[in-house]
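As structure tokens, the structure follows; a few thoughts come after it.
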Amino acid sequence: MPDKSAEALAETQPVGKSPRNKLKAPAGTLYRGREGMWSWVLHRITGVAIFFFLLVHILDTSLLRLSPEAYNAVIGAYKTPIMGIGELGLVAAIGYHALNGVRVILVDFWSVGTKHQKLMFWLVIILWFVLLLGFAPRHLMNVFGG
Amino acid sequence: MRASGLILVVLIFGHLFVNLFAGEGVHAIDFAFVAGKWADPFWIVWDTLLLWLALIHGANGMRTLVNDYAHNPSLRRIFKGALLASTVVLLVLGTLVIFTFDPCPAGAPSDLLPSFCAEIK
């Protein structure tokens, strides 16, 4: 694992000779600032969010071993409107992380994956949108429909 | 990461579909709902795989973030130690919960239990 983060490496790009010089947009190989970077940023953020939910979710599920009353009381909190919106956010995060994860696998192992990474990012966004279009109305009706 | 990720796509979307999308969605989930699922070995295997793969996949991802952002060596060691400890504890806890689960605990109100408990007693 390299010691420097991606940002730190990106910072080491040479700048113009004098500070007055207009920063030239480095062409070609730089990773920063486009679909490649933003897909990676979103992948990290959704990954961390899902990880911390997973910790809580294992603990709340463990209440099944304590008593039906304890489990039902805590799982009841998941049925409130605020948690209902949280669940939508969770599914949105999982949906993105899963779809982009498949994209990362294709970039790694598909011979022309790198060439098509931008197209695949927008494909991920479209599929993610379709997924949420299917899930959100039904889930929100469940949560707010009583 | 790649292998567990691919399997997790199937396991998690199946889990979300059955627990959040099918039927009444989140409103259907309670003790009896889970007891009904775990009466079938299929869901015991499903949920055990889900527990192990998701937690190991997530902890490994967090390890990458610690490597990227925690520059202080001793802080790094603390984070990774905490990550390893919490992963092991939750894997043991979760596995025990699944395999020692009692769907019809003695003394519990029968309206909270799955319907098949009435037939056993």
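What follows draws every value from the coordinates through simple rules; no lab data is involved. All values reported here derive from a predicted model rather than from experimental measurement. For neighbour counting, all protein chains shown are included, and Cβ atoms are generated from backbone atoms with ideal geometry for every residue, glycine included.
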Item to complete: Filter the DSSP H helices in chain B by two things, a Kyte-Doolittle mean of at least 0.5 and an axial alpha-carbon span of 24 angstrom or more, and list the hits by number.
Response: B:41-69, B:73-99
Worksheet item: Any idea what the dipole of the range B:2-120 comes to, in debye rounded to 20, about its Cα centre with Lys/Arg Cβ at +1 and Asp/Glu Cβ at -1?
Response: 900 debye
Worksheet item: Total Lys pairs in the protein assembly as shown closer than 28 Å by alpha-carbon, pairs eight or more apart in sequence or interchain only?
Response: 11
Worksheet entry | Computed magnitude of the charge dipole of the range A:34-143 (debye, nearest 20; Cβ of K, R +1, Cβ of D, E -1) | 320 debye
Worksheet item: What nm distance separates the two modelled labels at B:N19 and A:L59, each placed 7 Å from Cα along Cα→Cβ?
Response: 1.6 nm
Item to complete: Kindly provide the helix-only [θ] at 222 nm of chain B, computed as the sum of -39,500 (n - 2.57) over DSSP H runs of four or more divided by all residues, to the nearest 500 deg cm²/dmol?
Response: -23000 deg cm²/dmol
Practice prompt. For the range A:34-143, count the residues as N, evaluate 2.2 N^0.38 Å, and divide the Cα radius of gyration by that value, please.
Written response: 1.31
Item to complete: Just grab the label-to-label distance for A:M141 and B:T100, each label 7 Å out from Cα along the Cβ direction, in nm (one decimal).
Response: 4.3 nm
Fill in: Most positive-pole-ward Cα, B:F33, B:L112, B:W46, against dipole of the range B:2-120 from beta carbon charges
B:W46
Response to the item:
Taking a crude spin-label model, label points 7 Å out from Cα along the C-beta direction, the A:F109 to B:L49 distance in nm is 1.6 nm
Discussion item. Counting just the Cα atoms, what span does the protein assembly as shown cover along each of its three principal axes? Round to the nearest Å and put the largest first.
Written reply: 84, 44, 36
Response to the item:
Rounded to two decimals, the Rg over Rh value of chain B from Cα coordinates and the Kirkwood Rh reads 1.09
Worksheet entry | Positive-pole candidate from B:A59, B:L84, B:Y69, dipole of the range B:2-120, charges at beta carbon | B:Y69
